[in-house]
Ligand code: NAD
């Protein structure tokens, strides 16, 4: 099979393009017209854009081979996510790549506000020496109020603690655990945060709730000489209210990178030297641009290799660390998902995935998706991927639910058990765990306890629990030249049926399976390919 093909339709850092070229055939067509793109898009597996290319239903229809649309940057307004999801096309962006740059600009503005840097520079160049009148304040020992403890808010917390600041934060949408992780005091009400802070910095998205979040009432409640910083989005700090705060002297200074209207060339706020404005440059660093290019290239490569795309927007978002922790579960459960339809033919109507022990405290959405993808893969083959797995399950009338239990399951400190109910109301069960060495294990199948590290080719044999079966199977695999890596036996109660799972080097043919089934003591023999 030839290399996958990618087209780069907008400007991207060279480092990203170089990375793409190592793995793919890449056409760099910066600024290509929509007409031409529509004409040639069917040749490509991946499309890389920034914010100018409209990726809509029409383009996605023409791009029959598209598997991923990579957006080098943050927003995805130009990509119709719903249309992409319907077609199983991954849409990914790079939300992490500019967070440090944005955070550092926030810090720069904070320091500039505390030490009148911007005014001092202008004043000195005007021929003055105002050493005595320019009196700043220290950040040390002051209270920093962070609104929104997400990616940038948490970077801010970590960094400003190094300045000796007392960091408090308001974010009603995250767990207490996150506040603890960053050593930040959780504040329940915005009012309390604005009353207690010497410096307030905003790091929320712009939503209906956050527009005007800092307005007249909040500024009124603030301490005198407060500093306000906004490198998040325009309008979160109401500009009229800020104007009055600066005019009255209540606000010592404001450092603002994002504005109600952008671009903007004049504003009443520009009358104040202590209104320190930058033209939305939070992400504009050479490092961020390079990171964005590399990050999007890596995600495109991952997607084409069928690996996990950490910042796919039509998949649950996961922090890098969290993803690292959950990756073994994602891989294991995708494999276990593949087993049902290779053993049974009856259509599934219900899947219940139960998480026990440590794993239950994690975000397991992606694991549910992986199991569902695995479940449908033997039936839908290439038609299924992480993006459309849940949509396809829904279309097939399969409902997927999860349950969580904090306690251990028997001796397992983490355990994922799945009940698959078919249209005849028969229940198939399968369970896995991650061993302490990170190895995924199949530990239960249809009530039989086993301990198998899944491998690409396996042979599942159900047999009568009578003496001599292992010998018979051994002879047959020898005769059929099947190279066996491991063999596991499981049974429920002595004398009842038992199972044998063999991990082998190649797929077993139908003819060979038939020979197994000829044996009296063998009830069924199935090949399972992962
Ligand atoms: P994020 O999604 O990681 O974090 C946002 C946090 O805000 C979340 O923890 C969320 O729970 C919290 N939040 C949402 N609504 C809230 C509310 N009403 N009150 C309190 N908290 C609330 O986002 P991020 O990557 O940290 O980005 C933060 C902001 O910075 C975004 O608006 C983003 O667009 C902006 N940004 C700006 C630049 C720039 O160039 N200036 C660059 C990058 C990001």
| query | Does the stretch 160-209 classify as rounded, prolate or oblate by the C-alpha gyration tensor (a ≥ b ≥ c root eigenvalues; a/c under 1.5 gives rounded; else a/b over b/c gives prolate, otherwise oblate)? | reply | oblate
| Of the peptides 411-417, 174-180, 41-47, 157-163, how do they stack up when ordered by the mean number of other Cβ atoms within 10 Å, highest first? | 41-47, 411-417, 157-163, 174-180
| task | Report, as a whole number in µm² per second, the diffusion coefficient that Stokes-Einstein gives for the chain at 4 °C and 1.567 mPa s using the Kirkwood radius over alpha carbon pairs. | result | 48
| field | Relative contact order, percent, the chain [alpha-carbon distance under 8 Å, six or more residues apart] | value | 11
| Normalised by the number of residues in the stretch 186-305, what is the relative contact order in percent for Cα pairs under 8 Å and 6+ residues apart? | 21
| Semi-axes of the equivalent ellipsoid of the stretch 370-430: what are they in whole Å, largest first, if each equals the square root of 5 times a C-alpha gyration tensor eigenvalue? | 25, 14, 11
| Can you give me the relative contact order of the stretch 458-530 as a percent, contacts being Cα pairs under 8 Å and 6 or more apart? | 47
| note | Helix 469-479: inclination vs the chain longest Cα principal axis, degrees, rounded to 10, gives 90
| task | Take the alpha carbon gyration tensor of the stretch 389-471, find the square roots of its eigenvalues, order them as a ≥ b ≥ c, and report rounded if a/c is under 1.5; if not, report prolate when a/b exceeds b/c, else oblate. | result | oblate
| Can you give the helix-only mean residue ellipticity at 222 nm for the chain, where every DSSP H stretch with n ≥ 4 adds -39500 (n - 2.57) and the sum goes over all residues, rounded to the nearest 500 deg cm²/dmol? | -10000 deg cm²/dmol
| request: Report, in degrees rounded to the nearest 10, the 0 to 90 angle that the Cα long axis of helix 99-115 makes with the longest principal axis of the chain. | output: 20
| query | Of all the C-alpha pairs in the stretch 19-164, what % are more than 20 Å from each other? | reply | 64
| field | Mean Cβ count within 10 Å, highest first, over the residues of peptides 75-82, 348-355 | value | 348-355, 75-82
| remark: Descending packing, highest mean Cβ count within 10 Å first, for 261-273, 109-121 is 109-121, 261-273
| remark: A student applying the Cα gyration tensor rule (rounded when a/c is under 1.5; otherwise prolate if a/b is larger than b/c, oblate if not) would label the stretch 289-411 oblate
| field | Computed FRET value (nearest 0.05) for residue 453 with residue 429, which takes r as the C-beta separation and R₀ as 25 Å | value | 0.85
| In degrees, nearest ten, helix 14-23 long axis to first principal axis of the chain (Cα) | 10
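Each value in this text was obtained by applying a stated rule to the coordinates, not by laboratory testing. Predicted model, so just to flag it, every value in this text is computed and none were measured. Here Cβ is always computed from backbone atoms with ideal geometry, including for glycine, and neighbour counts include all displayed protein chains.
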